[in-house]
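> Could you have a look at this structure, given as structure tokens, before my questions?
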């Protein structure tokens, strides 16, 4: 997530003349930038503690999620065009949920 945050703020800095302030906040504009980056780019998220829920979606691009062992995780992953590789322990009853999808690209869900 740090990669996405830094990418959003880099875009904000580069396009600062275009930033739209709505009700004294640039948050809606920043969230729009984040959404567009996630929809058309590479998602690479790593976690040091098991997250309760992860949802990662890209229209075009690879999705890579790294989570701590040992798991298990309840995983749902789909790529319309591309491959899906899941190497973490899985269980349909697991309390930690990972959902990942991409239109065109690869999905990798692995231990960190």
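> Based on DSSP, what percent of beta bridges with both residues in the chain are antiparallel, to the nearest 5?
Antiparallel bridges: around 5 percent, rounded to the nearest 5.
> Based only on the alpha carbon positions, what is the Kirkwood hydrodynamic radius of the chain, in angstrom?
Over the chain, the inverse of the mean reciprocal pair distance is 15.0 Å.
> Only Cα pairs under 8 Å and at least 6 apart count here; give the relative contact order of the chain as a rounded whole percent.
Relative contact order comes out at 25 percent.
> Follow-up question, since we're still on this one. PRE reach from residue 83 (point 7 Å along Cα→Cβ): which of region 42-64 fall under 15 Å by backbone N?
Under cut-off, by backbone N: 62-64.
> Can you pull the one-decimal nm distance between simple spin-label points at residue 18 and residue 66, each 7 Å off the Cα toward Cβ?
3.2
> What order do you get for 53, 90, 23 when you list them from fewest to most C-beta neighbours inside 10 Å?
Ascending number of Cβ neighbours within 10 Å: 23, 53, 90.
> Right, another one. Using the 10 angstrom Cβ neighbour count as an exposure proxy, how do 30, 55 rank, fewest first?
With the fewest neighbours first, 30, 55 line up as 55, 30.
> Once the piece of chain linking residue 10 and residue 57 is laid out straight, how much longer is it, given 0.36 nm per residue of separation minus the C-alpha distance between them?
14.8 nm
> By counting other Cβ atoms within 10 Å of each Cβ, how are 59, 96 ranked from fewest to most?
Going from least to most buried by this count: 59, 96.
Read-outs throughout are calculated quantities, based only on the coordinates presented, and are distinct from any laboratory measurement. A quick note: this is a predicted structure, and the numbers were derived from the prediction, not measured. Cβ sites come from the backbone with ideal geometry, for glycine too, and all protein chains shown count toward neighbours.
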